[in-house]
Amino acid sequence: MSQAGGVDPLQTSGLTPLEQQYAGAVDGGALHEQELAEGTAGAPAAELSAATAGADILLEVNDLAVHFPIRRGVFVERTVGYVYAVDGVSLAVRRGETYGLVGESGCGKTTLGRGILRLVEPTAGSVLFDGENIAELKAEPLRRARRRMQMVFQDPLSSLDPRQSVQSILVEGMKAHGLADSTSATQTRLRELLSAVGLPTSALRKFPHEFSGGQRQRIGIARALTVNPDLIVADEPVSALDVSVQAQVINLLEDLQAELGLTYLVIAHDLAVVRHIADRVGVMYLGSLVEEATSTDLYADPLHPYSRALLSAVPVPDPVVEDTRERILLTGDLPSPANPPSGCRFHTRCPWRQPTRCDTERPALLELQPGHRVACHYATEIASGAITPVDRSATVFG
């Protein structure tokens, strides 16, 4: 019996053990879809939090899912399972704010960002950008809508064409959207962009390999700005940079936001970076959003066990506090997104897991405090101390 449902041994006898696990995910597909519907269906995302209810919403994501089929066969392919990379995420981003998305590697952060922009096709759900459902747009309307939505990629070198000069890279997007009609106006615009990101005009004639990592990231930001977007999805914008360069790029993003009124969705695993730049933060685990709050509230009082474990790993620059504070060490590995656990996705690693509900009922993302949403059946009891960790080996006190 699989966690996701029962499997007929006759149907899986020819598969490897890993493929049999995937087949379990297919067999339990109906149960999975039922859990997804029970856990996330409801009102639009903008109405689920006091922080966004009645606000000027630029981006609203409702029950977004991105599932990748796992296929087997040489001559005739057949689907033996699905990777549930993003599984029922709902969030809303106000116009002009910075929304941070954090979580460990493999939790689906980047796939969510790409799914919002439809760089990967969503399996289900809706993406409302300024009231228009991006998920339903055809080719030409989608191309026009993308002028207002741009992305800064994690690796600036691989995202820049090594055979194109900086000028060619920047002009390409402008030409695609009909913004490069006048040569003189285009040159003026390019000089303005380079000045905005702190690069000299001479950079226009150079190629990506001639720049440092921080300079290449600035070129990536300039490329995103060429078409005057309203929303920028920044996927790990500083993870590949030195600490001093990280600070420069973060300050640049903040300055551009203040000057141009940009809205950011910042994807990162560096909690210190997100704390500095984000107004609100969403925490992802295994394809789902498990907690959402303002940056101040989340870092001061995390309510979900996974968020508490993440923040306990952030070092404190005070030896007295560092030696006495609680450290939560999670046991076990991240479960496979091809066959996620039933019920709460985190219950297999949670120090506070309970014998009821945790492994059978998927918790909904509910607002426990104004603007603070948590997907945990026992978040209130854990915060009050009424429930203590059942596995003391998973929690270490300094």
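Set against the 2.2 N^0.38 Å expectation for a compact globular protein, the stretch 172-309 has a Cα radius of gyration ratio of 1.22. Comparing S312, S202, S239 in a Gaussian network model of the chain, where Cα atoms under 10 Å apart are tied by springs, the biggest mean-square fluctuation is seen for S202. FRET efficiency for the pair T183 and D255, taken as 1/(1 + (r/R0)^6) with r the Cβ-Cβ distance and R0 = 35 Å, rounds to 0.75.
Taking the DSSP beta bridges with both ends in the chain, the antiparallel portion is around 65 percent. Hey, with R₀ at 30 Å, roughly what FRET efficiency would D161 and T296 work out to, going by the Cβ-Cβ distance, to 0.05? Here the calculated transfer efficiency is 0.15.
Bridgeable lysines around K138 (alpha carbons under 21 Å apart, same-chain partners fewer than 8 residues away excluded): K175. Helix content alone sets the calculated 222 nm mean residue ellipticity of the chain: runs of n ≥ 4 DSSP H residues at -39500 (n - 2.57) each, divided across all residues, give -9500 deg cm²/dmol. Counting only alpha carbon atoms, the long axis of helix 213-225 and the longest principal axis of the chain meet at about 80°. Between A50 and H269, the modelled labels are 3.5 nm apart [label points 7 Å from Cα along Cα→Cβ]. Put Y299, Y84 in order of accessible area, highest first, and with a 1.4 Å probe you get Y299, Y84.
Would you look at the GNM of the chain, springs on alpha carbons closer than 10 Å, and say which of L289, L59, L311 moves the most? Most flexible of the set in this elastic network: L311. Note on R144 and N228: with the Förster distance fixed at 22 Å, the Cβ-Cβ geometry gives a FRET efficiency of about 0.95. Structure remark: mean-square fluctuation, Gaussian network model of the chain, C-alpha springs under 10 Å; the largest value among G173, G214, G73 belongs to G73.
What's log10 of I(q)/I(0) for the chain at q = 0.09, 0.13, 0.14 Å⁻¹, Debye sum over Cα points only, no solvent? Those come out to -0.60, -1.14, -1.27, one per q. By the gyration tensor of its Cα atoms, with a ≥ b ≥ c the square roots of the eigenvalues, what is the shape of the stretch 282-331: rounded for a/c under 1.5, prolate for a/b over b/c, or oblate? It comes out oblate by the Cα gyration axes. As a length-normalised measure over Cα pairs under 8 Å and 6 or more apart, the relative contact order of the chain settles at 19 percent. Between helix 166-176 and the chain there is an angle of about 80 degrees, using the helix long axis and the longest principal axis of the Cα atoms. Applied to the stretch 337-350, the Karplus parametrisation 6.51 cos²θ - 1.76 cosθ + 1.60 on θ = phi - 60° returns per-residue 3J(HN,Hα) values of x, 7, 8, x, x, 6, x, 5, 5, 8, 5, 6, 10, 7 Hz, with x for Gly and Pro.
Angle, helix 29-40 long axis vs. longest principal axis of the chain, Cα atoms, 0 to 90°, nearest 10? Here the helix axis deviates by roughly 70 degrees.
The values are calculated or read from the model by the stated rules, or taken from the named source; none is laboratory data. This one's a predicted model, so the numbers in the text were calculated from it and none came from an experiment. Heads up, the Cβs are rebuilt from the backbone with ideal geometry, glycines too, and the neighbour counts pull from every protein chain shown. Side chains included, ligands, DNA and RNA excluded: accessible areas come from the protein's heavy atoms. Shrake-Rupley method; radii C 1.70, N 1.55, O 1.52, S 1.80 Å.
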